[in-house]
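Participant: Supplied in structure tokens, the structure appears directly below.
The values are calculated or read from the model by the stated rules, or taken from the named source; none is laboratory data. Fair warning: this is a prediction, and the values are worked out from it, not measured in the lab. Here the Cβ positions follow ideal geometry from the backbone for every residue, glycine too, while neighbour counts run over all protein chains shown.
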Amino acid sequence: MQTGQQIAKLRTQAGLTQEALAEKLFVSRDLISKWETGKSRPDYKTVLVLARLFSVEPDTLVDRASILSEELASAIPPAYAQGGEPLAAALNAFLRTLNERDRGVFVRRYYYLEDPAEIGEKYGVKADYVRTILMRTRKKLKSYLKEERL
């Protein structure tokens, strides 16, 4: 079941309207509607809040690995779209080009599927800074992979 369908089902089971759920989450009713229709998807932090609210595991709402795969996919050029050994080798080579902190942040996010807040605690930085590191690293990765294929 898709994330939006699952949110709608759990919301209905809890006897909440879209408006009531929106108030509990401090978001607009329109945003709840977008989630439920699949036009948008909540970020993982919001998924955690929804899971607590509905007393379910976060994986009931969304597959965390698929979210992270989508996040990382923007950095993978079409030439590597099939994945496999060439992509794995290129990723390993790329990781060796990074400083220890950036490599650790990348691996913790995309291999261990850690949340930016968890990663930030490990490195003594805020979650927003971790997101910045990840964004910059994805840009570097995209550039690196494009050059590797030339």
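Participant: Within the stretch 90-107, work out how many residues are of a type outside the set (K, R) and exposed (fewer than 11 other Cβ atoms within 10 Å of the Cβ). Talk me through it step by step, then tell me what you get.
Facilitator: Initially, the stretch 90-107 is screened for residues of a type outside the set (K, R), giving 90-95, 97-100, 102, 104-107.
Now drop any that are not exposed (fewer than 11 other Cβ atoms within 10 Å of the Cβ), which leaves 92, 99-100.
Summing the residues that are of a type outside the set (K, R) and exposed (fewer than 11 other Cβ atoms within 10 Å of the Cβ) in the stretch 90-107 gives 3.
Participant: Can you find a residue that is at positive phi, touching a helix residue (DSSP H, G or I) at 6+ places or on another chain (Cβ under 9 Å) and not assigned by TED's automatic domain parsing to the domain that holds T12 anywhere in the stretch 130-140?
Facilitator: As a first pass, look at the stretch 130-140 and keep what is at positive phi: none.
No: zero hits.
Participant: Given the criteria part of a helix (DSSP H, G or I) and in contact with a Ser or Thr (Cβ under 6 Å, 6 or more places away or on another chain), does K34 qualify? Break it down into steps so the answer makes sense when it comes.
Facilitator: Details: part of a helix (DSSP H, G or I): yes; in contact with a Ser or Thr (Cβ under 6 Å, 6 or more places away or on another chain): yes.
Yes; evaluated as a whole, the condition is true for this residue.
Participant: Does the stretch 54-67 contain at least one residue that is closer than 30 Å to E147 by Cα and hydrophobic (A, V, I, L, M, F, W, C)?
Facilitator: yes
Participant: Hey, any hits in the stretch 108-119 for a residue that's farther than 23 Å from P42 by Cα and surrounded by 11 or more Cβ atoms within 10 Å (Cβ to Cβ)?
Facilitator: No.
Participant: Here's a follow-up. Here is a list: T37, T46. Which entry is within 21 Å of the chain's Cα centre (by Cα), surrounded by 15 or more Cβ atoms within 10 Å (Cβ to Cβ) and not hydrophobic (A, V, I, L, M, F, W, C)?
Facilitator: Values: T37 fails: surrounded by 15 or more Cβ atoms within 10 Å (Cβ to Cβ).
Answer to the check: T46.
Participant: Taking L95 as the residue in question, decide whether it is in contact with a helix residue (DSSP H, G or I) (Cβ under 6 Å, 6 or more places away or on another chain) and either at pLDDT below 85 or assigned by TED's automatic domain parsing to the domain that holds T132 (or both). Write out each step before concluding.
Facilitator: On the way: in contact with a helix residue (DSSP H, G or I) (Cβ under 6 Å, 6 or more places away or on another chain): yes; either at pLDDT below 85 or assigned by TED's automatic domain parsing to the domain that holds T132 (or both): yes.
Criteria met by L95.
Participant: Then there's this: Report, by residue number, each residue of the stretch 78-89 that is under 22 Å from the mean Cα position of the chain (by Cα) and surrounded by 14 or more Cβ atoms within 10 Å (Cβ to Cβ).
Facilitator: Let us first name the residues in the stretch 78-89 that are under 22 Å from the mean Cα position of the chain (by Cα), namely 78, 80-84, 87-88.
Scanning the stretch 78-89 gives Y80, L87.
Participant: If I ask for residues that are within 20 Å of S143 (Cβ to Cβ), among the charged types (D, E, K, R) and not in a helix (DSSP H, G or I), which ones from the stretch 89-116 would you list?
Facilitator: The initial filter retains those residues of the stretch 89-116 that are within 20 Å of S143 (Cβ to Cβ), namely 89-99, 101-103, 105-107, 109-110.
Okay, now just the ones that are also among the charged types (D, E, K, R), so 96, 101-103, 109.
Selection gives nothing.
Participant: What's the number of the condition M135 fails, among (1) modelled with pLDDT of 95 or more; (2) within 17 Å of the chain's Cα centre (by Cα); (3) buried (at least 16 other Cβ atoms within 10 Å of the Cβ)?
Facilitator: (3)
Participant: Next up: Given (1) more than 20 Å from F26 (Cα to Cα); (2) surrounded by 15 or more Cβ atoms within 10 Å (Cβ to Cβ), where does A51 come up short, assuming only one miss?
Facilitator: The failed condition is (1).
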